[in-house]
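The values are calculated or read from the model by the stated rules, or taken from the named source; none is laboratory data. Predicted model only: the values in this text are computed from it and were never measured. Positions of Cβ are generated from backbone atoms using ideal geometry, with glycine treated the same way; all protein chains shown enter the neighbour counts. Note: areas computed on protein heavy atoms with side chains; ligands, DNA, RNA excluded. Shrake-Rupley method; radii C 1.70, N 1.55, O 1.52, S 1.80 Å.
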Amino acid sequence: MARVSRVRRAARGESGLVDWGEYAAAVHRWELATGRPAPYPTQPGRHGRPVLAPPFVEWLMGLPPGWSTAAYLDLPRTAQLRALGNGVMPQQAAHALRLLLDDLTHLHRPCCHPPASTTWHTKDRAGRPAPARGGSTHPPRAARTLATERGRRSGTRSRR
């Protein structure tokens, strides 16, 4: 009998008290976070049995009322649930974007790339670093030639 009265209340648009059971604390926290009470979770289906209510799913996802359930959209219940099921929660999307932007920030840090003023230093005959000549970021010609010769000896081709 209690099930029938719940279905009738949902059909009339009355929310009534819902026994959320072990989820009561989570539902209450989400009501505070969204600033609106939880809609009734079910509505009567075609055969009188309770089915999931799209406004409840909309509320769970943190979307504004009517995002996919507005009357002017003229969407059947199944289309509303399909749209909500294929959607992304705004909070989830914001978190994903923050993570992506953090990754991009770390990729473009100056510590990952040598500064433009870096020069290749060679060693003098005593093994001490020689003073830098000019602002070239390429190794000296002798080092490039040596690398090219090594590539030829190993059977690989030079890109030049």
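Below is a table of values for the structure above.
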| read-out | value |
| --- | --- |
| Total residues in segment 57-66, condition in contact (Cβ under 8 Å) with a residue 24 or more places away in the chain and open to solvent by 20 Å² or more (accessible area, probe 1.4 Å) | 5 |
| Candidate set: segment 83-109, residues that are among the charged types (D, E, K, R) and open to solvent by 90 Å² or more (accessible area, probe 1.4 Å); chosen: the one nearest to Trp67 (Cα to Cα) | Arg98 |
| Qualifying positions in segment 18-31 - farther than 17 Å from Met89 by Cβ, open to solvent by less than 50 Å² (accessible area, probe 1.4 Å) and in a helix (DSSP H, G or I) | Gly21, Ala24 |
| Candidate set from segment 32-56 (those that are assigned to a helix (DSSP H, G or I) and modelled with pLDDT under 95); member that is least open to solvent (accessible area, probe 1.4 Å) | Thr34 |
